[in-house]
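*Asks:* Below: one structure in structure tokens.
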Amino acid sequence: MSEFARLLEGYHRFRKDGYPRQRERFDHLVEQGQSPKFLIIACSDSRVDPSQIFDVDPGEIFVVRNVAALVPPFETTPGLHGVSAALEFAVQVLKVEHIVVMGHGMCGGTKAALTQEMLGTAPGEGGFISSWIGLLDAVRGPVAEKYGTETRDAERAMEHAAVQVSLANLRTFPCIRQKERTGELKLHGSFFAISEGVLHLLDETTGQFNPAE
């Protein structure tokens, strides 16, 4: 069986079992539209699926996934601002009440930001990745100075720092800043440890990530 045929086999299982089981919910979503309360910003890593981790039904979470779960700062320069467009839609149109930034262990994007292994590569050969993870340049220095660039402690520190960078960049968006100030919107930092299957939540007062209770 080819890999694509195996993918389609999963679809057929969904059509046979999953869709009928959720038919009433899908019908409701068709008629009423989506109204998720949560925006999850997660990494594209195939091992970290927010729907599985939070065990949610269709329509419960609006998800943005990209390399290292990064959010760029608010800017009005011309360009294709995919993450910003998704944020704008989630906050202004869907009116989500929570934004959760979810980093994860063994993240290749944050590791590449730490080692700078793709620095100087051409677009299409690593250059797009290098530009994107350049969002972490400001936090790389302190991490590298304390832990070096080759240790697991350094990688974990970068994984945690990336969550905090994304939270700080979220707060550069005027609509998010305003809604957080009025209590209409809450921001959360989190980290999923793949090796343990444990979700950690960021305490922004202490900067520590603690297991979710």
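The values are calculated or read from the model by the stated rules, or taken from the named source; none is laboratory data. Because the structure is predicted, anything quoted here is derived from the model rather than measured. Reconstructed Cβ throughout: ideal geometry from the backbone, glycine too, with neighbour counts over all protein chains shown. Note: areas computed on protein heavy atoms with side chains; ligands, DNA, RNA excluded. Shrake-Rupley method; radii C 1.70, N 1.55, O 1.52, S 1.80 Å.
*Asks:* I'd like to know if region 99-118 contains one or more residues that are basic (Lys, Arg), over 18 Å from residue 67 (Cα atoms) and open to solvent by 60 Å² or more (accessible area, probe 1.4 Å).
*Replies:* So far as region 99-118 goes, no, none of its residues is basic (Lys, Arg), over 18 Å from residue 67 (Cα atoms) and open to solvent by 60 Å² or more (accessible area, probe 1.4 Å).
*Asks:* Mind listing whichever residues of region 187-213 are touching an Asp or Glu at 6+ places or on another chain (Cβ under 7 Å) and farther than 24 Å from residue 115 by Cβ?
*Replies:* Once the filter is applied, which keeps residues that are touching an Asp or Glu at 6+ places or on another chain (Cβ under 7 Å) and farther than 24 Å from residue 115 by Cβ, region 187-213 yields 187, 210.
*Asks:* Is it the case that region 6-29 has a residue that's closer than 29 Å to residue 203 by Cα, of a type in the set (Lys, Arg), out of contact with any Leu (no Cβ under 6 Å at 6 or more places or on another chain) and open to solvent by 50 Å² or more (accessible area, probe 1.4 Å)? First the steps, then the outcome.
*Replies:* Initial filter on region 6-29 (closer than 29 Å to residue 203 by Cα): none.
Within region 6-29, not a single residue is closer than 29 Å to residue 203 by Cα, of a type in the set (Lys, Arg), out of contact with any Leu (no Cβ under 6 Å at 6 or more places or on another chain) and open to solvent by 50 Å² or more (accessible area, probe 1.4 Å).
*Asks:* Output the number of residues of region 61-98 satisfying the condition of being open to solvent by less than 70 Å² (accessible area, probe 1.4 Å) and either at pLDDT below 95 or of a type outside the set (Ser, Thr, Tyr) (or both).
*Replies:* Going through region 61-98 one residue at a time, the tally reaches 24.
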